[in-house]
Amino acid sequence: MGTRGVEGAYQGALRAFQNPMLDLLHRTYAPFVVTVLAMMFTPERPTVAVADAHAEIADALDQLRAAGYGDTGEQPLPAGNARDLCRQWVQAGWLVRQVSDDVEVYRLSAHGVGALEVAGRVGGARTRVSESRVRTLLEAVERLAQDADPDVMARMARLQTEIDQRRRELERLERGGAVDTVADDQLLEAAENVLHLARELPADFARVAESIKAMQRDVVADLRQDVRPTGEVLREYLERGRQIMDATPEGRAFAGALRLIGDPAQIDDLWNLLRTVLRHGFTELMPAPQRRELAEIARRIEQGVKEVLAAQRQASHVITVQVRNHDPMRDRQVDELLRDVMAGLHTWVPTSRPGTAVEPLRRLPVADVGQLRQTVSDPRPPQPPTPLREWDEVEDVPSADTRAWGGPQYAELRAHLAAFAGDADTVDVADAFRAAAEPIRRPVDLLGLLEIAHDHGMTDTDEVVVVDAVRPDRTRRRLAFGGVLAANPTRPPAADERPGTKDE
């Protein structure tokens, strides 16, 4: 083996072991980390509130220490409280801390999911070379060859061969042939192969979501440093936000897979097929955890798809908001201010001591500019105001049109009401208004009639009456009010009916 070959392989191994997934499994406290993370995060519980996670980790530490673990070097437990441990795991890239529905939560990163899957496979049943795994490999190779081969005649020949095989099988069953049974051992091997394939999906989904979020961070960082015209920036970055799923290799691969698993009908068919498998007797030979894992395959796929699509929507929203609020000048000012703050901290920290009080900045400094000039001298002398125009005081007599649009005509209304009442003691205001001439049958004249009736004494009836009023422009208005009987204005009101009198 050549020197350069060994060196290249060794560098590749170094890069592989820098991956957070292998780093987690290589740590001293890896068994504790894998145990806690596997118990907290399940397919039904992809995220855990920060406070709940700290409480559960602290409880797990107390139980293990009470059972005697952590006292010997062979079974060490990490030191520190749960909050510190979670902070370390976030920094190591095993956990992701985010805000969901205004609540801070933890979720497993793609590296954390992969580490749990590796630990689960190693600690569980070992994968065996079986007929099911070999058949899966052969079918995958056959499909790859078919998709890669552009020869139409070869494709037609393969399809015809498959059709002939299926037709012969159908004819055999129609003639009463029995369905070929499969031994339980072979069914168990096939189920283990399905579980092996399904265990890879959660880490794949998590990697797609994290690649989208990483691309979002890169876009926002590039945008903050961009000094091009705003219109050009808007066009480019909004286009990247719309095509965010095609911006990463993981996203493009997921977009292809989504065409298969994104169809609700496909998920429904998968649920039905899994129920059929679980009803078969061979599943009783499987351990209970494997049966639950088999039943949850469709749910885990749905959950992974939702997680990726949620990351896509969030990234598009963040990029769009950043572009709308993009101000290169302001961003540069903020960056310069932050650099000044960091430079000040680097200068102050070496000369300070622990516990040194820092006087807070309670208000921003105000520039001392002195007295600003408020007026400008005018060399011209002040001019007197323009003299008032002389005019003769002439009585302003309103025109007929102005009077027609004015208030109630009390004299004409009082005369009409007296004439309409005649010798009667009371008169119906509504009837009197209907009988009035158009010049005094305006809406405002109805108010005048009611005012005259109130001054001379009136009695309310229980009915509601409707009258038609005529405005000066000959438009009509229908008005409704409670019926009123007014006293005859030609007769003085009785002492107990005069306004302002009180019973003694």
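The values are calculated or read from the model by the stated rules, or taken from the named source; none is laboratory data. This one's a predicted model, so the numbers in the text were calculated from it and none came from an experiment. Cβ sites come from the backbone with ideal geometry, for glycine too, and all protein chains shown count toward neighbours.
Residue-wise test of (1) closer than 30 Å to N272 by Cβ; (2) outside the structural domain of V219 (by TED's automatic domain parsing); (3) among the acidic types (D, E).
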| site | (1), (2), (3) |
| --- | --- |
| E296 | yes, no, yes |
| R300 | yes, no, no |
| K306 | yes, no, no |
| Q312 | yes, no, no |
| H317 | no, no, no |
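Which is over 30 Å from A191 (Cα atoms), modelled with pLDDT under 75 and either within 27 Å of the chain's Cα centre (by Cα) or not assigned by TED's automatic domain parsing to the domain that holds S100 (or both), of I261, I244?
Values: I261 fails: over 30 Å from A191 (Cα atoms).
Residue meeting the stated conditions: I244.
Of the residues screened, E302 is one that is closer than 25 Å to A214 by Cβ and modelled with pLDDT of 75 or more. Being within 30 Å of T320 (Cα to Cα), of a type in the set (D, E, K, R) and in contact (Cβ under 8 Å) with a residue 40 or more places away in the chain is the filter here, so list the residues in the stretch 180-218 that pass it. Passing the criteria: D204, R207, E210, K213.
Kindly state which helices (runs of 4 or more DSSP H) lie completely within the stretch 393-504 and contain at least 3 residues that are out of contact with any Pro (no Cβ under 6 Å at 6 or more places or on another chain) and at pLDDT 85 or above.
Details: elements: 400-404, 410-421, 429-435, 443-456.
Of the helices (runs of 4 or more DSSP H) lying wholly inside the stretch 393-504, those with at least 3 residues that are out of contact with any Pro (no Cβ under 6 Å at 6 or more places or on another chain) and at pLDDT 85 or above span 410-421, 429-435, 443-456.
Being more than 30 Å from E192 (Cβ to Cβ), of a type in the set (D, E, K, R) and outside any helix (DSSP H, G or I) is the filter here; which residues of the stretch 270-327 pass it? D327 - this is the single residue of the stretch 270-327 that is more than 30 Å from E192 (Cβ to Cβ), of a type in the set (D, E, K, R) and outside any helix (DSSP H, G or I). Only residues that are modelled with pLDDT under 75 and touching a Gly at 6+ places or on another chain (Cβ under 9 Å) were counted in the stretch 159-199, giving 1.
Only one entry of R65, R83 meets the criterion of being at pLDDT 85 or above, out of contact with any Asp or Glu (no Cβ under 6 Å at 6 or more places or on another chain) and more than 15 Å from A30 (Cβ to Cβ), and that entry is R83. Which ones in the stretch 382-392 are of a type outside the set (S, T, N, Q) and at pLDDT 70 or above? Selection gives P382, P384, P385, P387, L388, R389, E390, W391.
Would you please name the residue that is modelled with the highest pLDDT, looking only at residues in the stretch 5-32 that are in contact with a Pro (Cβ under 8 Å, 6 or more places away or on another chain) and surrounded by 13 or more Cβ atoms within 10 Å (Cβ to Cβ)? Can you show your working first?
Our first condition is that a residue be in contact with a Pro (Cβ under 8 Å, 6 or more places away or on another chain); within the stretch 5-32, this holds for 28-29, 32.
Okay, now just the ones that are also surrounded by 13 or more Cβ atoms within 10 Å (Cβ to Cβ), so 29, 32.
On the way: Y29: 76, F32: 81.
Filtering the stretch 5-32 for residues that are in contact with a Pro (Cβ under 8 Å, 6 or more places away or on another chain) and surrounded by 13 or more Cβ atoms within 10 Å (Cβ to Cβ), the one modelled with the highest pLDDT comes out as F32.
Looking for whichever is under 18 Å from R478 (Cβ atoms), of a type outside the set (S, T, N, Q) and surrounded by 17 or more Cβ atoms within 10 Å (Cβ to Cβ) here; the options are L449, L413. Which one fits?
Working: L413 fails: under 18 Å from R478 (Cβ atoms).
That would be L449, the only listed residue that is under 18 Å from R478 (Cβ atoms), of a type outside the set (S, T, N, Q) and surrounded by 17 or more Cβ atoms within 10 Å (Cβ to Cβ).
Determine whether E210 is modelled with pLDDT under 70 and either of a type in the set (S, T, Y) or in a helix (DSSP H, G or I) (or both). Answer is no for this residue.
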